[in-house]
Amino acid sequence: MTLTIGNTTAVQSVVIKDSPTSRRRRGRRQRQQAGGRRSMGMFLCILPFLVLVFLFSYFPLYGWIYSLFDYRPALGLAGSEFVGLQWFELLVSSPTQVAQIGQVLLNTLAISFLGIATSILPLFFAIFLNEVRAPWFRNAVQTLTTLPNFISWVLVYMIAFSLFSSSGLVNNVLNDAGLITQPLKFLDSDQNVWLTMTLWSVWKGLGWGAIIYLAAIAGIDQSLYESAKIDGAGRFQLMRYITIPQLMPTYLVLLLLSVANMLNNGMEQYFVFQNAFNKETIQVLDLYVYNIGITGNSLSMATAIGMLKSIISVALLLTVNWIAKRVRGQSIV
Amino acid sequence: MSSTTFGVRRRSSGDIIFAMTNYTVFIALAFLCAYPFYFLIINSISANDVSALGQVRWFPVDLHLENYSQVLQLNGLPMAAVVSIGRTAIGTFAAVLASAFLGFMFSQSKMWGRQFWYRSVIITMYFSAGLIPVFIVMKTLGLTNNFWVYVLPFIVQPFFIILVKTYVEAMPESLQEAAEMDGANIVQIFFRIFLPNMTPILATVAIFSAVAQWNSFQDTLIYITDQSLYTLQYLLYMFINQANSLAQAAQNSGGNLTGIITAATTQTPTSIRMTVSVLVVLPIIFIYPLFQRFFVKGIMLGAVKG
């Protein structure tokens, strides 16, 4: 009896003692299983989106083999002739092709370098705008100067056209003032194309580019300024010794990214501004690939050039990332 | 900063010169950015014969709205407006929902292979197979001359996902724990708890996406030949070029443009171009000031990652 009781109690106690733990354990196991199921479930939830990423970003990489064929869309890949590295050889062997690619590369790099050279402007824009005391004025300037960032390149071209074409506003005004007799050809000429393209980019991006620096300035520790002022620093000294050094990390990250993107100018801007007169100097790599691929129908050649461009860009990005890691102890990608 | 920095000091003549230079430069910059838009608007509502000669500079001349009613009857324009509005609405809705969902899911450490999938999505920001391979894939998928080419490629956007994920990770963990305790599943937690609390970042994503959709031009150029799928941007581009050739044709044939113009309200290449431009830019001019603070917030969050 006692034994029984003892036993029972023992068993009971065991059961009673054990039951919460085992229940907890069972619970944990269930939770883990449920967690396992759910984590797979979570993955299944995002799977449709991953399929989209695969289709539009990874699957096209397969198309790089078109650069080894003489691809004719009508024949399909199976019917097209395999030509090995012919297109790549053509790029470096035919003098006309070399000259053309050389010019395109020159345009691409020149416009990119001008872009990098002007990338300091938003920083100064932000610093000086921050010195303006009236908040309404600051806001008004900020609103008006960021507006161009939100319109398409087609509209930028439309604006350029209505202001700078030979019958446009600027030529009209100059003519009325008696300064010119012949309309100046701002758009239909190959003079200063790199410069004018850079100026349009600056016009479109200046105010927008400044926002990030304005945000960074707002985040600078005020005590730095206060102690500097106690030491007798003037307005320009505060800028030079506090604001600019504090903004440098942000600037360097953006600078490195633009170096990594040196070959990727995009094509929209140059496409809308291109015409028979400026074609030589406005064709950047992206536009060139479009022009020979879609317009000129040499799909394989365009693929080969686009492929080389992508590889160099990724190499640039990795290099820049490595430099950032070495210099700042922090990668940018 | 400026008020605390220079609040108490008396203004020296140097300060005054600095302030004056500063204000002058900024007024000039603001003018350079704003005047072109003003120029388009006053020209679109001025007498067409005057605007064609480029004489409308500061104020509208003989104000009339005829251009708008006439331009709306132009071939293809209503359809292009439908396509532009449609792609902006559907594309933005899809991108916002997908970014919110993916940003939230990628913040869940329990997901199978989370880091790997997250990285393989983000990395697509930095490489592209190139124009032609993508074009051929779109063709293979039947997306050329298809409305969905405007939407499908833009649903998953790595940059938006980074923004949302950063935002979700700053939200308190107890939010999710409490919901889990109540037995909500992950989809319920997302829709009931997180989505309603993400409004600021979703507004940022929505506005970025809407502007990109509205302004997109390249995809029509590359993938679309069917005129019923043209967008307003593409039509505007064609109008600029056609107006160009119209003007050239008139000059080549020895006639002059003023001869064609019979009345102040008769359409001219200039009036068509200006009016369509205003129609294309107006939504942005209106929406933009309302949402400016979201842009600023969005780019600040983007800076966190950088």
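For B:Gly54, the test of being more than 30 Å from B:Arg192 (Cα to Cα), more than 10 Å from every other protein chain (Cβ to nearest Cβ), of a type outside the set (D, E, K, R) and open to solvent by less than 40 Å² (accessible area, probe 1.4 Å) is failed.
Annotation: of all residues in the stretch B:207-216 being surrounded by 21 or more Cβ atoms within 10 Å (Cβ to Cβ) and among the hydrophobic types (A, V, I, L, M, F, W, C), the one that is farthest from A:Phe271 (Cα to Cα) is B:Ile207.
Just one of the listed residues (A:Asn175, A:Asn265) is in a helix (DSSP H, G or I) and of a type outside the set (Gly, Ala, Ser), and it is A:Asn175. Name the residues in the stretch B:110-136 that are more than 7 Å from chain A (Cβ to nearest Cβ), surrounded by fewer than 16 Cβ atoms within 10 Å (Cβ to Cβ) and among the hydrophobic types (A, V, I, L, M, F, W, C), would you? Passing the criteria: B:Phe116, B:Ile123, B:Met125. Residues that are within 22 Å of the chain's Cα centre (by Cα) and open to solvent by less than 20 Å² (accessible area, probe 1.4 Å) within the stretch B:93-102 comprise B:Ala95, B:Ala98, B:Ser99, B:Ala100, listed in sequence order.
Tell me whether the stretch B:67-77 contains one or more residues that are touching a residue at least 24 places away in the same chain (Cβ under 8 Å), of a type in the set (Phe, Trp, Tyr) and closer than 30 Å to B:Pro269 by Cα.
yes
Being under 19 Å from the mean Cα position of the chain (by Cα) and not aliphatic (A, V, I, L, M) holds for only one residue in B:Thr199, B:Thr220, B:Thr166, B:Thr225, and it is B:Thr220. Is there a residue being within 23 Å of the chain's Cα centre (by Cα) and at negative phi anywhere in the stretch B:103-113? Yes, because at least one residue in the stretch B:103-113 is within 23 Å of the chain's Cα centre (by Cα) and at negative phi. Within the stretch A:56-67, the set of residues being at the interface with chain B (Cβ under 7 Å from one of its Cβ atoms) and either under 20 Å from B:Leu152 (Cα atoms) or in contact with a Cys (Cβ under 8 Å, 6 or more places away or on another chain) (or both) comprises A:Phe56, A:Ser57, A:Phe59, A:Pro60, A:Leu61, A:Gly63. Residues of the stretch B:71-89 that are in a helix (DSSP H, G or I) and out of contact with any helix residue (DSSP H, G or I) (no Cβ under 8 Å at 6 or more places or on another chain): B:Pro78, B:Val82, B:Ile85, B:Ala89.
Conditions tested, residue by residue: (1) farther than 30 Å from B:Ser99 by Cβ; (2) surrounded by fewer than 17 Cβ atoms within 10 Å (Cβ to Cβ); (3) more than 14 Å from chain B (Cβ to nearest Cβ).
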residue: A:Val53; (1), (2), (3): no, no, no
residue: A:Phe69; (1), (2), (3): yes, no, no
residue: A:Gly79; (1), (2), (3): yes, yes, yes
residue: A:Val98; (1), (2), (3): yes, yes, yes
residue: A:Gln103; (1), (2), (3): yes, yes, yes
residue: A:Leu109; (1), (2), (3): yes, yes, yes
residue: A:Ile116; (1), (2), (3): yes, yes, yes
residue: A:Leu129; (1), (2), (3): yes, no, no
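State yes or no: is A:Leu169 touching a Phe, Trp or Tyr at 6+ places or on another chain (Cβ under 9 Å), without any contact (Cβ under 8 Å) to a residue 24 or more places away in the chain and within 7 Å of another protein chain (Cβ to nearest Cβ)? It is true that A:Leu169 is touching a Phe, Trp or Tyr at 6+ places or on another chain (Cβ under 9 Å), without any contact (Cβ under 8 Å) to a residue 24 or more places away in the chain and within 7 Å of another protein chain (Cβ to nearest Cβ). Kindly evaluate A:Ala78 against the criterion of being more than 25 Å from A:Leu214 (Cβ to Cβ) and hydrophobic (A, V, I, L, M, F, W, C). Answer is yes for this residue.
Rundown of residues vs (1) open to solvent by 40 Å² or more (accessible area, probe 1.4 Å); (2) touching a residue at least 60 places away in the same chain (Cβ under 8 Å); (3) more than 30 Å from A:Ile65 (Cβ to Cβ); (4) out of contact with any strand residue (DSSP E or B) (no Cβ under 8 Å at 6 or more places or on another chain), yes/no style:
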residue: A:Tyr251; (1), (2), (3), (4): no, yes, yes, yes
residue: A:Met262; (1), (2), (3), (4): no, yes, no, yes
residue: A:Gln269; (1), (2), (3), (4): no, yes, yes, yes
residue: A:Glu280; (1), (2), (3), (4): yes, yes, yes, yes
residue: A:Leu285; (1), (2), (3), (4): no, yes, no, yes
residue: A:Tyr288; (1), (2), (3), (4): no, yes, no, yes
residue: A:Asn291; (1), (2), (3), (4): no, no, no, yes
residue: A:Val314; (1), (2), (3), (4): yes, no, no, yes
residue: A:Val320; (1), (2), (3), (4): no, yes, no, yes
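Of everything listed in (1) assigned to a helix (DSSP H, G or I); (2) open to solvent by 70 Å² or more (accessible area, probe 1.4 Å); (3) more than 7 Å from every other protein chain (Cβ to nearest Cβ), the single unmet condition for A:Met40 is (3). Pairing residues of the stretch B:101-122 that are assigned to a loop (DSSP other than H, G, I, E, B) with residues that are of a type in the set (Asp, Glu) and surrounded by fewer than 20 Cβ atoms within 10 Å (Cβ to Cβ), at Cβ distances under 7 Å and at least 6 apart in sequence or on separate chains, gives B:Ser107/B:Glu169.
The condition of being part of a loop (DSSP other than H, G, I, E, B), more than 11 Å from chain A (Cβ to nearest Cβ) and either within 30 Å of A:Glu226 (Cα to Cα) or of a type in the set (Val, Ile, Thr) (or both) holds for B:Val61. Listed by first and then second residue, the pairs linking a residue in the stretch B:137-163 that is more than 9 Å from every other protein chain (Cβ to nearest Cβ) to a residue that is assigned to a loop (DSSP other than H, G, I, E, B), with Cβ atoms under 7 Å apart and 6 or more places separating them unless they lie on different chains, are B:Asn145/B:Ile224; B:Asn145/B:Thr225; B:Asn145/B:Asp226; B:Val149/B:Leu143; B:Ile161/B:Phe106.
I want to confirm something. Restricting to the stretch B:4-24 and keeping residues that are of a type in the set (Gly, Ala, Ser) and open to solvent by 50 Å² or more (accessible area, probe 1.4 Å), which single residue is modelled with the highest pLDDT?
B:Ser13
Whether any residue in the stretch A:146-165 is part of a loop (DSSP other than H, G, I, E, B), more than 7 Å from chain B (Cβ to nearest Cβ), among the small types (Gly, Ala, Ser) and surrounded by fewer than 17 Cβ atoms within 10 Å (Cβ to Cβ) is what I want to check. The answer is no, given that none of the residues of the stretch A:146-165 is part of a loop (DSSP other than H, G, I, E, B), more than 7 Å from chain B (Cβ to nearest Cβ), among the small types (Gly, Ala, Ser) and surrounded by fewer than 17 Cβ atoms within 10 Å (Cβ to Cβ).
Just checking, which of B:Ile45, B:Ile27 is in contact with a Pro (Cβ under 7 Å, 6 or more places away or on another chain) and open to solvent by 10 Å² or more (accessible area, probe 1.4 Å)?
Unique residue meeting the criteria: B:Ile45.
Restricting to the stretch A:215-240, what's the tally of residues that are at negative phi and either small (Gly, Ala, Ser) or surrounded by 14 or more Cβ atoms within 10 Å (Cβ to Cβ) (or both)? Here the count works out to 17. The sole residue among A:Ala276, A:Ala302 that is in a loop (DSSP other than H, G, I, E, B) and either touching a Gly at 6+ places or on another chain (Cβ under 6 Å) or modelled with pLDDT under 85 (or both) is A:Ala276.
The values are calculated or read from the model by the stated rules, or taken from the named source; none is laboratory data. Bear in mind that the values here come from a model prediction, so they are computed numbers and not experimental data. Glycine also receives a Cβ, built like all others from the backbone with ideal geometry; neighbour counts cover every protein chain displayed. For the accessible areas, the whole protein counts, side chains as well, though only heavy atoms, and no ligand, DNA or RNA atoms are used. Shrake-Rupley method; radii C 1.70, N 1.55, O 1.52, S 1.80 Å.
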